[in-house]
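In what follows, a single structure is set out as structure tokens and then discussed.
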Amino acid sequence: MSDTIIDRPAAQHGVVKDMSFLDRWLPAWIIAAMVVGLFLGRVVPGLGTALEAVKVGEVSLPIAIGLLVMMYPVLAKVRYDETHRVTGDRKLLGLSLVLNWLVGPALMFSLAWIFLPDLPEYRTGLIIVGLARCIAMVLIWNDLACGDREAAAVLVAINSVFQVMAFGLLGWFYLQLLPSWLGLPTTSAEFSMGAIVLSVLVFLGIPLLAGFLTRTLGERAKGREWYENTFLPAIGPFALYGLLFTIVLLFALQGDAITSNPWDVARIALPLLVYFFAMFGIGLLASRGMGLNYAKSTTVAFTAAGNNFELAIAVAIATFGVTSGQALAGVVGPLIEVPVLVALVYVSLWAGRTLFPGDSTVPTR
């Protein structure tokens with residue numbers, strides 16, 4: 001996406017007319033990418049096999065490349081010398097940890113059992129999605145909503161550390177221990193620690209390091225004014241290109257499975273819809289109640305609502321198989337998450353003017 005929509009000074013002056021054609025019609029491009037991907041996956045023989053031929057862990061290499069291209073421009077925009085103000089904000093960090101690692105998994109567990117009591121494979125897949133906290137696309141949605149860029153970088157880094165440490169333990173708790181306490185059927189699953197570590201290193205570590213080095217070396221060589229006014233606008237559109245490329249490939253890879261099971265997809269989609277809207281609303285209102293400004297509240301809300309579908313799909317495939325119901329539930333995650341979180345960008349911009357009157361971080365466009 002071009003720099004106009006995610007550059008904070010421009011956003012705060014309401015210069016809608018200066019937005020690029022691509023930015024202005026972003027929801028349409030995302031929907032079109034989803035449709036194209038589903039169409040290709042359905043009508044092009046062998047496309048899924050070709051995309052799966054080379055992998056990073058359990059994720060297709062072309063999709064991994066798309067994600068890296070998508071995330072790099074956003075992470076190159078972060079002012080890393082300002083992240084200290086985030087790490088010292090105990091309210092923001094504490095609230096984010098509670099929402100991501102206590103509220104989110106518990107809510108998804110509850111919704112999975114409420115909506116899918118008779119479908120154990122899909123239910124397990126949804127619970128895995130709830131355990132995989134977002135470390136990738138949330139940066140895009142946060143920037144679109146004019147959230148706090150530095151806070152987002154810190155929070156996804158913290159989520160990454162917690163994913164490595166806590167994913168397996170939480171999986172055991174929500175799939176075996178808690179159901180046994182409640183008298184419900186349990187699910188035995190051994191998660192691949194290697195898949196979790198690889199997901200974090202590839203989908204956050206590489207673009208984060210590249211973004212940090214780019215800003216550090218770029219500012220050192222040319223200065224901050226050149227870096228932010230010349231270099232960043234030049235690379236900005238590649239975030240949108242990477243996003244659309246990733247969506248096309250992701251939906252092409254699973255197009256046949258999705259279009260062949262429309263009723264199953266609908267059953268899985270309903271608890272996901274409730275989850276995304278509920279987590280975003282809880283995050284935004286809780287942040288406001290704790291006195292955080294619009295930018296930080298938006299960041300907390302999006303990091304709470306988003307999920308790491310790359311990791312969820314990889315874990316489901318590695319543990320239960322590529323044709324399993326758990327894997328299908330993981331694939332439906334981004335099918336619902338992408339359009340819903342795009343819609344929540346607009347909800348956030350509207351809520352900013354309504355819930356945060358007089359806040360200087362609220363975009364006025």
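The values are calculated or read from the model by the stated rules, or taken from the named source; none is laboratory data. Note that the coordinates shown come from a computational prediction; the quantities given were computed from them, not determined experimentally. Positions of Cβ are backbone-derived with ideal geometry, glycine not excepted, and every protein chain shown enters the neighbour counts.
Details
- Check on L178, under 26 Å from L335 (Cα atoms) and either assigned to a helix (DSSP H, G or I) or of a type in the set (D, E) (or both): no
- Residue ranges of helices (runs of 4 or more DSSP H) in segment 1-103 with at least 1 members in contact with a Pro (Cβ under 9 Å, 6 or more places away or on another chain) and at pLDDT 85 or above: 61-77
- Looking at V86, V69, V44, just one residue is farther than 30 Å from S297 by Cβ, β-branched (V, I, T) and out of contact with any strand residue (DSSP E or B) (no Cβ under 9 Å at 6 or more places or on another chain), and that residue is V44.
- Hits in segment 249-275 (condition: under 24 Å from A64 (Cβ atoms) and either of a type in the set (F, W, Y) or under 16 Å from the mean Cα position of the chain (by Cα) (or both)): L250, F251, L272
- Residue match in segment 224-241 (condition: hydrophobic (A, V, I, L, M, F, W, C), free of Cβ contacts under 8 Å to residues at least 12 places away in the same chain, in a helix (DSSP H, G or I) and over 18 Å from M108 (Cα atoms)): yes
- Residues in segment 309-364 that are within 21 Å of F203 (Cα to Cα) and among the aromatic types (F, W, Y): F309 only.
- Residue count, segment 320-359 (criterion: among the hydroxyl-bearing types (S, T, Y) and in contact with an Asp or Glu (Cβ under 7 Å, 6 or more places away or on another chain)): 1
- Just so you know, in segment 331-365 the residues that are assigned to a helix (DSSP H, G or I) and charged (D, E, K, R) include one that is farthest from I30 (Cα to Cα), and it is R353.
- In segment 203-230, the residue that is modelled with the highest pLDDT out of those that are buried (at least 18 other Cβ atoms within 10 Å of the Cβ) and either hydrophobic (A, V, I, L, M, F, W, C) or in contact with an Asp or Glu (Cβ under 7 Å, 6 or more places away or on another chain) (or both) is Y227.
- Selected residue (criterion: farthest from L68 (Cα to Cα)) from residues of segment 191-231 that are touching a helix residue (DSSP H, G or I) at 6+ places or on another chain (Cβ under 7 Å) and charged (D, E, K, R): E219
- Residue match in segment 23-45 (condition: surrounded by fewer than 20 Cβ atoms within 10 Å (Cβ to Cβ) and more than 26 Å from L240 (Cβ to Cβ)): yes
- Search result, residues across segment 277-330 that are surrounded by fewer than 24 Cβ atoms within 10 Å (Cβ to Cβ), among the β-branched types (V, I, T) and part of a helix (DSSP H, G or I): I282, I317, T319
- Subset of segment 121-166 that is over 22 Å from F320 (Cβ atoms) and of a type in the set (S, T, N, Q) - its residue that is modelled with the highest pLDDT: N142
- V338 being more than 23 Å from S160 (Cα to Cα), touching a residue at least 24 places away in the same chain (Cβ under 8 Å) and not basic (K, R): no
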